[in-house]
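Down below is the structure, laid out as structure tokens.
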Amino acid sequence: MKKYKRINIIGIIFSSVFLVLSVSGCRQEWFPEEKESFLASCMNGADYNQVPKAKEFCDCYQQKTEKKYPNYDVRDWDTDTLEKFRNQCHDSLTPDEVIWPEVSRNAFMKSCLDLPDAKNQPNPAAWCSCVLEKVITKFPDTDKLAALTQDSLHDIGRSCVEPSTNQKP
């Protein structure tokens, strides 16, 4: 009988330890220290990589990561999944106009000024600026820019010709 009680007590102790470990392994959210550590690391990386809206990006990234991995065990984290989360957060915070930053506008203007159509204009820089603004208006994001054809670009160019001035011969 004593042997049965001893085995039963040991069984209860092991069951209790297993239950505590199981429950602690099924947390639904990270501890505050874990969140702070993740966010601090993310902010350092975001600052280094000059991520716009770094705080919002890191909050988004942390929430997605915590939802997928509520136990904060980095050994379980899949790098492809984390990359997907980073891309989703970046894309959700990046305005459509990001394809037209100053460097892209300058590159467009430089290549436009080299076009024969621009050289035939009385004021090539003004003509190229007009074309650029109309392209940006008509094709504000990457999805729409994919629809830009040579014909639509020529139509835009023709719409920028000032009717009161004659083109150079």
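The values are calculated or read from the model by the stated rules, or taken from the named source; none is laboratory data. Just so you know, these numbers come straight off a predicted model, no measurement behind them. Note that each Cβ is placed from the backbone with ideal geometry, even for glycine, and that neighbours are counted across all protein chains shown.
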So, in the range 65-90, how many residues would count as being acidic (Asp, Glu) and under 21 Å from the mean Cα position of the chain (by Cα)?
4
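Would you call ILE156 at pLDDT 90 or above, of a type in the set (Val, Ile, Thr) and over 30 Å from GLU33 (Cβ atoms)? It would help to see each step written out before you state the result.
Values: at pLDDT 90 or above: yes; of a type in the set (Val, Ile, Thr): yes; over 30 Å from GLU33 (Cβ atoms): yes.
So ILE156 fits the description; yes.
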Answer residue from the range 37-53, given it is free of Cβ contacts under 8 Å to residues at least 12 places away in the same chain and among the small types (Gly, Ala, Ser) and is nearest to HIS90 (Cα to Cα) among those
GLY45
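In the range 14-53, what residues are within 25 Å of the chain's Cα centre (by Cα), part of a helix (DSSP H, G or I) and modelled with pLDDT under 90?
Going residue by residue through the range 14-53, those that are within 25 Å of the chain's Cα centre (by Cα) are 29-30, 34-53.
From the residues that got through so far, the ones that are part of a helix (DSSP H, G or I) too are 34-48.
The answer is ALA46, ASP47, TYR48.
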Could you grab the pairs with beta carbons closer than 6 Å, sequence gap of 6+ or different chains, first residue in the range 63-92 and under 20 Å from ALA46 (Cβ atoms) and without any contact (Cβ under 8 Å) to a residue 60 or more places away in the chain, second one in a helix (DSSP H, G or I) and of a type in the set (Asp, Glu)?
TYR69/ASP76; TYR72/GLU34
When PRO140 is evaluated against the numbered criteria (1) at pLDDT 90 or above; (2) part of a loop (DSSP other than H, G, I, E, B); (3) more than 30 Å from LYS35 (Cβ to Cβ), which criterion, by number, is the only one it fails?
(1)
